[in-house]
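Participant: I have a structure here, written as structure tokens, and I will follow up with some questions on it.
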Amino acid sequence: MNRHDFGPTITGLILSVGVGSFLFQALGAFVIGILGALGGWVFGHYIKPFLERLIKNHAASRTKKP
């Protein structure tokens, strides 16, 4: 196997790795975006009211004199 046969293989490998990493990064950003949106929705609908209720109850129990 001489250098001439090896050249296109390396170029092809670099190109495929470049395209692959680009696709992987795009997919990763897409997945993270979806997860972020879902997380924000879940936080807004479930976690935030729960935390507010928790804080309200805690504040009420602290201000109440036994």
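The values are calculated or read from the model by the stated rules, or taken from the named source; none is laboratory data. The structure presented is a predicted model; accordingly, all values stated were derived computationally and were not measured. The protein model used for the area step is the full one, side chains on, heavy atoms only, and it has no ligands, DNA or RNA in it. Shrake-Rupley method; radii C 1.70, N 1.55, O 1.52, S 1.80 Å.
Participant: When residue 43 is evaluated against the numbered criteria (1) open to solvent by 100 Å² or more (accessible area, probe 1.4 Å); (2) at pLDDT below 90, which criterion, by number, is the only one it fails?
Facilitator: (1)
Participant: Please state which of the following conditions residue 1 fails to meet, knowing it meets all the rest: (1) of a type in the set (A, V, I, L, M, F, W, C); (2) part of a helix (DSSP H, G or I); (3) at pLDDT below 90.
Facilitator: So the condition that residue 1 fails would be (2).
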